[in-house]
1. Sequence gap at least 6, Cα distance under 8 Å: using those rules, report the relative contact order of the range 307-413 to the nearest whole percent.
2. Considering only DSSP beta bridges where both residues belong to the chain, give the percentage that are antiparallel (nearest 5).
3. Evaluate the relative contact order of the chain (contact order divided by residue number), counting alpha-carbon pairs under 8 angstrom at least 6 apart; express in whole percent.
4. Find how much the distance from GLU195 to LEU304 grows on full extension, using 0.36 nm per residue of separation minus their present alpha carbon separation; answer in nm with one decimal.
5. How tilted is helix 440-463 with respect to the longest principal axis of the chain? Cα atoms for both, answer in degrees (0 to 90, nearest 10).
6. Looking at the range 45-302, what % of its DSSP beta bridges pair antiparallel, to the nearest 5?
7. Describe numerically, in nm with one decimal, the distance between label points set 7 Å from Cα along Cα→Cβ at VAL162 and at SER5.
8. Keeping the other protein chains in place, figure out the carbon and sulfur percent of the accessible area of the chain, with a 1.4 Å probe.
Amino acid sequence: MPKNSMPKEAAYQVITDELMLDGNPRLNLASFVTTWMEPECDKLMMASINKNYVDMDEYPVTTELQNRCVNMIANLFNAPIGSGEAAVGVGTVGSSEAIMLAGLAFKRKWQQKMKSQGKPYDKPNIVTGANVQVCWEKFARYFEVELKEVKLKEGYYVMDPVKAVEMVDENTICVAAILGSTLTGEFENVKLLNELLTKKNTETGWDTPIHVDAASGGFIAPFVYPQLEWDFRLPLVKSINVSGHKYGLVYAGIGWVVWRSKEDLPDDLVFHINYLGSDQPTFTLNFSKGSSQILAQYYQLIRLGFEGYKSIMENCIGNALILKEGIEKTGRFEVVSKDVGVPLVAFALKDSTKYTVFQISDALRKFGWIVPAYTMPADAEHIAVLRVVVREDFSCSLADRLISHIQEVLKELDSLPSRIMKDSHVVAVAKEVVEENRDGEAAKMGERKIQEKVTKQWRHYVKTKKTGVC
């Protein structure tokens, strides 16, 4: 801390100057998080920035608006709410907190059941795909739950429902399905999971439930794929989380979790306080937080309505298809993302023997683009991809410009000496391919060995570049 004060204008200028070195949020194609809102909503957020959301007695209207958001989202997810009933849910600082709360509810329900049956309740587990976001690993580690992951495989980068149900046992508190994988944007087959798990529950006498992590896809599927059954229409789905700050179109800092019914949220997890003026129920991991994001979510819901959200999501998907077509036309990439899912394009180099997706990612930064490169989880670690997330503010013209810059980068890298083949181990594998694997399946396996070596080398390189980004 400085010893002396400085004029407010000087402090403002010092910080503004430093922030100039940050990346441009709208060109940050790594993030699902909203980077643009209407000026009217910006004003609304600034006007409420000094309100502490947790002071429900002092700010009853803010509390009411949060409850309206919960009800609208629950209805969007087809929750079985009776006439005059209120939905069960809460606003959070993001899907990470929402998942922690949902996981705690599942763990407590399972513990209560096992205690009542006189069985051990000290080794709970949760079944997910290896493609889950890191918040699931945090939940498992922080709250002492074993994480049982269904491994991926080349060409199939989401959880296999059949394998997931095979991993379920009496200690499984829930199976977590992802509606919009972080890696490829793909929706997991929640309906098939529900059918298979229902059958297993009937055979075993268990009642293993499902949680749907709809952080990215929860504000997409209801508007673009209304016939897709993934939500509370499926009996085993007991809770759903969604990120308001992703395709809910609100700046970072708002998530939601809703439960099927009151019975699915144990009462002993809800605290009641009275030192802020009246009896107030609270079920959150944190306490104080600003009201701005909640009011911004309410603004978007009533401002856009169903029609507005549908139009924006369809536009995002259209721009993603334009970007996909442009990337495919280069002839250099294989697109691994699917057309049905979150509007993003994930693509891998067809030939990584001269340069990698990590070098392409680095080279695009000179144009201002932040395009992440990463490897797939187990057992597909040898696959490395680039990913572009298409948000509301990523226009068709920006897609065209990005494609042209990718082409420039490819041309530049083609003209440079290879930085990959200097690795002696990779050279040895390449020679082995040339000498022994000239055709057929043997050649394909040789190419895969090269890819695995190259990817392993660049994973080590990337690990040394600490950005702090989740």
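The values are calculated or read from the model by the stated rules, or taken from the named source; none is laboratory data. Being a predicted model, the structure only gives us computed values, none of them experimental. When we count neighbours, we look across all protein chains shown, and the Cβ atoms used for this are built from the backbone with ideal geometry, even at glycine. Accessible surface areas use protein heavy atoms only, side chains included; no ligands, DNA or RNA. Shrake-Rupley method; radii C 1.70, N 1.55, O 1.52, S 1.80 Å.
1. Relative CO of the range 307-413 lands at 30 percent.
2. Bridges in the chain are about 60 percent antiparallel.
3. Reported as a whole number, the value is 19 percent.
4. Contour length minus Cα-Cα distance gives 35.7 nm.
5. Roughly 60 degrees between the two axes.
6. 50
7. Computed distance between label sites VAL162 and SER5 equals 7.1 nm.
8. 53
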